[in-house]
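This report concerns only the one structure given below.
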Amino acid sequence: MKRSPDMQRLEETLRSSKIAGGGFLGSDPRPLEEILDADAAELARLGHTQYELADRMRHISSRAEQGLGSWVAVDEIIEAAVTDTRGLMPCPWPHPGTFSKTVVTARNLRTGKTIQWSELNIHLIEMHGFFEGRGSAFRLEPAELADILF
Ligand SMILES: [Zn+2]
C-alpha cells in the first residue's frame, strides 16, 4: 500500500521528537500504520475501545489530581497518585492544544501492578489510537493497561 506524504512526515516527527525522550516510537522498527493496526487489533481482541480506555484513564487522573501527590482511592480496583512534573506538551500529530505533562500512577489493588501515563497519552489513545512504539518511555501495552484498569 502506498503511504501518504502526511503519514511519512508524521512518522518522522514521532521518531525524532525531542519532547518525548527517545521519541514516541522508541526502538520500534515497525511503520506507524503497522503499530496502529496491531494495537487496534489487540484492543478489539481484548473487547475494549480506545474511548473506553481514555474515559477510564481520564476519570482516574482527575481523582488522582485531588490527592496532590498522595495516593487516592478511586474505587475498589484502583488507587492513583500524581507526580507533578510541570509543563505542557503539544500533540505531535499535530493537533491544536497542549497537554499537561503531569504523570499519573495507577495501582491495581488486587494485583499490586502499576502503570503510568500523562494527559498526552490519554489524548493519543482517544483521538489517534496511538499507544506509542515499543521501547518508548511512555509506551502503554493495551493488554497491560486493560488488565490494570478494569
Ligand atoms: Zn492529537
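Please determine whether any residue of the range 62-71 is within 15 Å of the chain's Cα centre (by Cα) and of a type in the set (Phe, Trp, Tyr). No, the range 62-71 contains no residue that is within 15 Å of the chain's Cα centre (by Cα) and of a type in the set (Phe, Trp, Tyr). The single condition from (1) under 14 Å from the mean Cα position of the chain (by Cα); (2) at pLDDT 95 or above; (3) among the hydrophobic types (A, V, I, L, M, F, W, C) that Ala44 fails is (1).
Residues being open to solvent by less than 10 Å² (accessible area, probe 1.4 Å), in contact with a Pro (Cβ under 8 Å, 6 or more places away or on another chain), under 22 Å from Ala40 (Cα atoms) and not acidic (Asp, Glu) are entirely absent from the range 135-149.
Residues in the range 6-28 include at least one that is out of contact with any His (no Cβ under 8 Å at 6 or more places or on another chain), at pLDDT below 95, among the acidic types (Asp, Glu) and within 16 Å of the ligand (Cβ to nearest atom).
Of the residues Leu124, Leu149, which single one is within 16 Å of the ligand (Cβ to nearest atom) and at pLDDT 95 or above? Exactly one of Leu124, Leu149 is within 16 Å of the ligand (Cβ to nearest atom) and at pLDDT 95 or above, namely Leu124.
In the range 64-112, the residue that is nearest to the ligand (Cβ to nearest atom) out of those that are under 30 Å from Glu11 (Cβ atoms), in a strand (DSSP E or B) and open to solvent by 50 Å² or more (accessible area, probe 1.4 Å) is His95. Any chance the range 23-31 includes a residue that's in contact (Cβ under 8 Å) with a residue 24 or more places away in the chain and assigned to a helix (DSSP H, G or I)? No, that holds for no residue. Cβ-Cβ contacts under 6 Å between residues 6 or more apart (or on different chains), taken from a first residue in the range 80-102 that is at pLDDT 85 or above and of a type in the set (A, V, I, L, M) to a second residue that is part of a strand (DSSP E or B) and within 14 Å of the ligand (Cβ to nearest atom), are listed as Leu88/Thr98; Met89/Phe99. With respect to being in contact (Cβ under 8 Å) with a residue 40 or more places away in the chain, of a type outside the set (A, V, I, L, M, F, W, C) and part of a helix (DSSP H, G or I), Arg56 fits the description. Here are some conditions: (1) among the β-branched types (Val, Ile, Thr); (2) under 18 Å from Glu126 (Cα atoms); (3) touching a helix residue (DSSP H, G or I) at 6+ places or on another chain (Cβ under 7 Å). Val103 meets all but one. Which one does it not meet? It is condition (3) that Val103 fails.
The values are calculated or read from the model by the stated rules, or taken from the named source; none is laboratory data. As the structure is a prediction and not an experimental result, all values here were calculated from the model. Using ideal geometry, Cβ is built from the backbone for each residue, glycine included, and neighbour counts are taken over all protein chains shown. Surface accessibility is based on the protein's heavy atoms, side chains included, excluding ligands, DNA and RNA. Shrake-Rupley method; radii C 1.70, N 1.55, O 1.52, S 1.80 Å.
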